[in-house]
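A quick write-up on the structure given underneath.
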Amino acid sequence: MKIQKIHHVAYRCRDAKETVEWYGKYLGMDYVLAFAEDHVPSTHEPDPYMHIFLDAGGGNVLAFFELPNSPTMDRDHNTPPWVQHIAFKVENEAALSETKARLEADGIDVIGPTDHTLFKSIYFFDPNGHRLELAADVEVPGISAKLDEVKWAMLEEWSRTRRAPKHAAFMHERELSGLSNVAGE
């Protein structure tokens, strides 16, 4: 078996209507489907919920559950807030700038753009406390191939040492030296 694609990714939300409206306003996601049940279909537990589905583009679906009878939602406090996030690809850097301006105009804090060499991105939180990232590809030619060459060595070294391998340090040479092409092409 080979996975075809992600069918949907589901998170919890505080308010289904607010979430639909927020993702529509700021990220242009269409509201495509909802289920509401009094019992969980897989476990048969009595737990009413609203399950909403949003079109995240390219056949991708982002879903949320509102669970009114569950304890107030929270995050994993043993994981730094920057780790768990949903990243969405956008068309270009202009889309990042436009979205950042729209979010900030409405009082939403935005970090970035951050240059990751392969892409630039901005970070912000949705009304449920989920960290979101918008990423625009800006790859320098040749870097993806070089990263592909070192990925297994990096993973093996990390697995042994739990220290950041330096196999991909070339990605940051551009920042340090002002070079526009670290691949030598």
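FYI, it's all coordinate maths here, none of it is from the lab. Source: prediction; values computed, not measured. FYI the Cβ positions are ideal-geometry reconstructions off the backbone, even for glycines, and counts take in every protein chain you see.
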Bridge orientation stat for the chain from DSSP, antiparallel percent rounded to 5, came to 70 percent
Dipole in debye (nearest 20) - region 1-70, about Cα centre, beta carbon charges: Lys, Arg +1; Asp, Glu -1: 380 debye
Among PRO48, GLY59, TYR26, pick out the residue whose Cα is farthest towards the positive end of the charge dipole of region 1-70, where Lys and Arg carry +1 and Asp and Glu carry -1 on C-beta, about the Cα centre. GLY59
Under a Cβ-Cβ cut-off of 12 Å, what is the net charge of the residues other than ALA63 that fall near it, where Lys and Arg count +1 and Asp and Glu count -1? -1
Ranking TRP82, TRP158 by Cβ neighbours within 10 Å, fewest first, what do you get? TRP82, TRP158
Length-normalised contact order of the chain, Cα under 8 Å, at least 6 apart, in percent, tallies to 16 percent
What does the charge count near PRO46 come to, summing +1 for each Lys or Arg and -1 for each Asp or Glu among other residues with Cβ under 13 Å from its Cβ? -4
Quick one: which residues, 5 or more positions from GLY28 or on another chain, have an amide H under 5 Å from its amide H? H modelled 1.01 Å from N in the peptide plane, none for Pro or chain starts. none
Counting Lys and Arg as +1 and Asp and Glu as -1, what is the net charge of the other residues whose Cβ lies under 14 Å from the Cβ of THR99? -3
